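To keep things clear, I will list the structure first and then write my remarks on it.
The values are calculated or read from the model by the stated rules, or taken from the named source; none is laboratory data. Keep in mind it's a predicted model, so treat the numbers as computed, not measured. Note: ideal-geometry Cβ built from the backbone for every residue, glycine included; neighbour counts use all protein chains shown.
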Amino acid sequence: MKIKETIARILNESGTTANSEAYQLSISKTEMLSQLFQEGFDHEVIDNALMEMCDDGSLVLDDTHVLLYDRPVL
């Protein structure tokens, strides 16, 4: 799915490397959403993709950040 590849690319390009072993990359939700909207995705598509990626365990959303646990291979 193109949006999941885009999310992975944004995290790999713009994410901050963690100072923790718990996760590998972090990006603010605001920055992630801004970049996804600029790529032309609508809110529903973004929400669905983020929830699917959370359900499969590769992403975690907290109040302010998107956290990547396993760096995706593009």
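Which ones in segment 48-68 are assigned to a loop (DSSP other than H, G, I, E, B) and surrounded by 14 or more Cβ atoms within 10 Å (Cβ to Cβ)?
If the condition is that a residue be assigned to a loop (DSSP other than H, G, I, E, B) and surrounded by 14 or more Cβ atoms within 10 Å (Cβ to Cβ), then Ser58 is the only one that fits.
State all residues of segment 36-47 that are surrounded by 14 or more Cβ atoms within 10 Å (Cβ to Cβ) and part of a helix (DSSP H, G or I); if no residue qualifies, say none.
Across segment 36-47, the qualifying residues are Leu36, Val45, Ile46.
If I ask for residues that are closer than 17 Å to Asn48 by Cα and modelled with pLDDT under 90, which ones from segment 1-37 would you list?
Met1, Ala8
Anything in segment 22-34 that is part of a helix (DSSP H, G or I) and either over 16 Å from Thr64 (Cβ atoms) or of a type in the set (Lys, Arg) (or both)? List them, or say none. First the steps, then the outcome.
Applying the first criterion (part of a helix (DSSP H, G or I)) to segment 22-34 yields 29-34.
Answer for segment 22-34, where residues must be part of a helix (DSSP H, G or I) and either over 16 Å from Thr64 (Cβ atoms) or of a type in the set (Lys, Arg) (or both): just Lys29.
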